[in-house]
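The values are calculated or read from the model by the stated rules, or taken from the named source; none is laboratory data. Computed from a predicted structure; not experimentally measured. With ideal geometry, Cβ positions are generated from the backbone for all residues, glycine too; neighbour counts draw on all protein chains shown.
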Amino acid sequence: MAAANRIPGIARQSLFASLGWVPPQSWRAGLRALGCIQADDRNTASASGYAVASLYAGYVRQWEKWEFNAFARVDNLFDRRYAGSVIVNEGNARYFELAPGRNWTVGVGGVYRFLSPASILDALEQHLGVARRDAQLPRAAAALAQ
């Protein structure tokens, strides 16, 4: 590979952005962009850069110790055609693999919480022998309480 050539398979620019509303039961949108990718050491073949959009909606409902959620997601919202990956230095010059077109996912889930964050903190407090507001309490335990 010549010193001035780009490393194949690695984009010079990459961007991922996401926008969402604070409540969990909300709309969210995302954008993914990637610059040009070289497909061989000599930099004679490259995949063009691309940008694709996604849209996500979900709902979360809490009931006692249960948390139920449902979501729907559409990727490649505008059905763009682009090379999703390259096979670096492929011997037959078939470097490019087409990315999926518009696709969607739906799902549901549930979580049962056996312990509340407060009870986890109480157990840590007893185990460590420190008060909850003591500076020695690990940051991870404090994060669980939020």
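Determine whether Ala17 is small (Gly, Ala, Ser), loosely packed, with under 13 Cβ neighbours inside 10 Å and without any contact (Cβ under 8 Å) to a residue 12 or more places away in the chain. Step through it out loud before you land on a result.
On the way: small (Gly, Ala, Ser): yes; loosely packed, with under 13 Cβ neighbours inside 10 Å: yes; without any contact (Cβ under 8 Å) to a residue 12 or more places away in the chain: no.
Answer is no for this residue.
Does the range 58-70 hold any residues that are surrounded by 15 or more Cβ atoms within 10 Å (Cβ to Cβ) and farther than 12 Å from Gly110 by Cα, and which are they?
Gly58 - this is the single residue of the range 58-70 that is surrounded by 15 or more Cβ atoms within 10 Å (Cβ to Cβ) and farther than 12 Å from Gly110 by Cα.
Please work out which residue is modelled with the highest pLDDT, limiting yourself to the range 124-144 and to residues that are in a helix (DSSP H, G or I) and exposed (fewer than 12 other Cβ atoms within 10 Å of the Cβ).
Filtering first and then ranking leaves Gln126.
Yes or no: the range 75-88 includes at least one residue that is in contact (Cβ under 8 Å) with a residue 60 or more places away in the chain and among the hydrophobic types (A, V, I, L, M, F, W, C).
Scanning the range 75-88 turns up at least one residue that is in contact (Cβ under 8 Å) with a residue 60 or more places away in the chain and among the hydrophobic types (A, V, I, L, M, F, W, C).
Might you let me know whether the range 62-69 holds any residue that is part of a strand (DSSP E or B) and without any contact (Cβ under 8 Å) to a residue 12 or more places away in the chain?
Initially, the range 62-69 is screened for residues part of a strand (DSSP E or B), giving 62-63, 66-69.
Add one more test, that the residue is without any contact (Cβ under 8 Å) to a residue 12 or more places away in the chain, and what stays is 62-63.
Checking the range 62-69: at least one residue is part of a strand (DSSP E or B) and without any contact (Cβ under 8 Å) to a residue 12 or more places away in the chain.
Going through Asp79, Asp40 one at a time, which residue ends up being at positive phi and in a loop (DSSP other than H, G, I, E, B)? Explain how you work it out, then say what you get.
Details: Asp40 fails: at positive phi.
Being at positive phi and in a loop (DSSP other than H, G, I, E, B) holds for just one of Asp79, Asp40, which is Asp79.
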